[in-house]
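Encoded as structure tokens, the structure appears first; notes follow it.
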Amino acid sequence: MTGQRFNFFTTLADLRGMNAGQGIGWSDIQILEAAGLKVVDGAYDALLKMLTVQRIDYFPRGVNEAAPEVETHQLDYPQLTVEQNLLLVYPFALFFFVHK
């Protein structure tokens, strides 16, 4: 799916008719569903395939994840891109666990 489909989205309600893809057990699922969004879960690699065959409409990724993932998967998924006009924002803690 091309990013042009998102060009006219201005509210969260605009996304409610679409399916987001998230990894099995990811905490984001509860956050997105609490916002009234539809979520399909699956294994990471399966989500990329689901996006390609339009079983899901978008695959929300962290701002630190999106560009590197597109680069990593460019050969297998050349149409994969980072949305430039729409951003989902919600608090999500990132923890680093280290040995003393």
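The values are calculated or read from the model by the stated rules, or taken from the named source; none is laboratory data. Here the structure is a predicted model, which means the values were calculated and not measured. Every residue, glycine among them, receives a Cβ derived from its backbone with ideal geometry; neighbour counts consider all protein chains shown. Heavy atoms of the whole protein, side chains included, go into the accessibility calculation; ligands, DNA and RNA do not. Shrake-Rupley method; radii C 1.70, N 1.55, O 1.52, S 1.80 Å.
Checking each residue in segment 13-61 for being among the charged types (D, E, K, R) and closer than 17 Å to residue 89 by Cβ picks out 14, 16, 28, 33, 61.
Considering each residue of segment 2-26, count those that are open to solvent by 30 Å² or more (accessible area, probe 1.4 Å), in contact (Cβ under 8 Å) with a residue 40 or more places away in the chain and in contact with an Asp or Glu (Cβ under 6 Å, 6 or more places away or on another chain), and give that number. Adding up the residues that qualify gives 0.
Residue-by-condition table, conditions (1) touching a residue at least 12 places away in the same chain (Cβ under 8 Å); (2) within 27 Å of residue 11 (Cβ to Cβ):
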| site | (1), (2) |
| --- | --- |
| 47 | yes, yes |
| 65 | no, yes |
| 74 | no, no |
| 98 | no, no |
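Within segment 27-58, the set of residues being outside any helix (DSSP H, G or I) and either surrounded by fewer than 15 Cβ atoms within 10 Å (Cβ to Cβ) or of a type in the set (Gly, Ala, Ser) (or both) comprises 27, 35, 36, 38, 42, 43, 53, 54, 55. Applying the selection to segment 59-88, what residues are in a loop (DSSP other than H, G, I, E, B), open to solvent by less than 80 Å² (accessible area, probe 1.4 Å) and either over 19 Å from residue 29 (Cβ atoms) or not charged (D, E, K, R) (or both)? Within segment 59-88, 59, 60, 62, 73, 74, 77, 80, 82, 83, 86, 88 qualify. Is it the case that segment 89-96 has a residue that's surrounded by 14 or more Cβ atoms within 10 Å (Cβ to Cβ), assigned to a loop (DSSP other than H, G, I, E, B) and modelled with pLDDT under 95? Within segment 89-96 (the criterion being surrounded by 14 or more Cβ atoms within 10 Å (Cβ to Cβ), assigned to a loop (DSSP other than H, G, I, E, B) and modelled with pLDDT under 95), the answer is no, since none of the residues qualifies.
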